[in-house]
Amino acid sequence: MALIPLRRAGALCLALAGLLLPGLAQAAVPALTLVHSFSFSRDAHSAQGAVATLSGDVQVRDGVLAVQGDKAFAEYAGLIPSAENGADTWWTVSLWARQTPGTGTTTEAVMVGQGVVSGYLPEFALSLRPVQGGGREVVGLNQSGWGGGRSAPVAHADQWHHYTVAMAENNVLLWVDGQYLGHGGAGWNYSTPYFHGNLRLGRQVSGFGGQFNGELDDVRIYSGRIDDATVRAQFLAGPSVSAVPEPAPALMALAGGALLWARRRRGA
């Protein structure tokens with residue numbers, strides 16, 4: 001059965017909303033700067049030129065970054081943030097993720113993490129970790145928990161979810177599936193270059209483990225603090241690989257009949 005990407009359906013809905021409700025089309029655009037975006041349409045590099053180094057069983061497949069096994073990840077040279085302005089700048093990371101069923105049941109699974117010099121706590125991690133009863137929670141942390149952060153429960157982590165975290169020197173804001181879930185205080189050591197390292201997708205840096213098994217899509221890194229409307233729009237657009245069934249045959253027949261009628265009228 002043919003599939004229609006949810007992203008196209010979302011874009012169509014937004015276009016119709018713009019026609020029907022002009023006021024929505026005039027909404028203010030948040031003051032964000034997109035630093036890097038990863039669509040994984042052909043490779044794991046960013047559209048802005050960040051080159052990925054792949055390690056272990058990780059590959060770009062069917063429009064996603066598929067990560068499986070131990071010590072599997074994509075690594076990039078220090079993407080968030082630059083050490084010289086980390087102390088007074090907001091940074092935002094958003095992505096779609098689907099965890100492989102049966103994995104991550106006992107340990108933290110890091111979807112995206114920023115590194116440090118070996119021997120020190122990771123600067124930042126957006127992770128899934130197990131909770132009592134077999135569920136999961138998503139966690140946005142600075143200094144891998146030493147500085148604090150924000151967490152929230154996630155139902156069915158083996159399905160696609162949209163995660164967004166905005167970070168400043170003493171704050172972490174968290175959204176899941178377009179909903180803002182609150183903030184937590186968090187300190188970090190971005191203000192000194194000594195603590196600044198690389199970014200990884202699928203695992204934490206150095207010897208801190210945190211292997212994620214699953215698929216990642218539409219990873220975006222911004223300079224600035226994202227707002228609710230932008231997060232909601234990204235969630236409604238869906239991951240690039242997500243799909244919905246094509247319209248029912250009866251609906252397709254009705255649409256085909258309407259098209260034939262319109263053509264006949266033009267030819268009349």
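The values are calculated or read from the model by the stated rules, or taken from the named source; none is laboratory data. Worth saying up front: this structure is predicted, and the values here are computed from it rather than measured. Virtual Cβ from ideal backbone geometry, glycine too; neighbours counted across all protein chains shown. Accessible surface is based on the protein model in full, side chains and every heavy atom, while ligands, DNA and RNA are left aside. Shrake-Rupley method; radii C 1.70, N 1.55, O 1.52, S 1.80 Å.
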Original post:
Has the stretch 223-241 got any residue that is modelled with pLDDT under 55 and surrounded by fewer than 21 Cβ atoms within 10 Å (Cβ to Cβ)?
Top reply: no
Original post:
Restricting the first residue to the stretch 92-115 and requiring it to be touching a residue at least 24 places away in the same chain (Cβ under 8 Å), which pairs with a second residue that is open to solvent by 50 Å² or more (accessible area, probe 1.4 Å) and among the acidic types (Asp, Glu) meet a Cβ separation below 6 Å and a spacing of at least six or different chains?
Top reply: Gln99/Asp158; Pro101/Asp158
Subject >> Enumeration of residues in the stretch 133-189 that are modelled with pLDDT under 85, of a type outside the set (D, E, K, R), out of contact with any Pro (no Cβ under 8 Å at 6 or more places or on another chain) and open to solvent by 30 Å² or more (accessible area, probe 1.4 Å) >> reply: Gly133, Gly134, Gly145, Trp146, Asn170, Asn171, Gly185, Asn189
**OP:** Only residues that are exposed (fewer than 15 other Cβ atoms within 10 Å of the Cβ), among the hydrophobic types (A, V, I, L, M, F, W, C) and not in a strand (DSSP E or B): list them for the stretch 28-44, please.
**Re:** Ala28, Val29, Ala31
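Regarding Gly202, is this residue at pLDDT 50 or above and more than 27 Å from Pro130 (Cβ to Cβ)?
The answer is no for Gly202.
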Subject >> Out of Ser118, Ser82, sole residue that is of a type outside the set (Lys, Arg), modelled with pLDDT under 85, closer than 24 Å to Ser39 by Cβ and open to solvent by 10 Å² or more (accessible area, probe 1.4 Å) >> reply: Ser82
Original post:
Can you tell me which of Ala47, Ala66 is surrounded by 18 or more Cβ atoms within 10 Å (Cβ to Cβ) and either touching a Gly at 6+ places or on another chain (Cβ under 9 Å) or in a loop (DSSP other than H, G, I, E, B) (or both)?
Top reply: Ala66
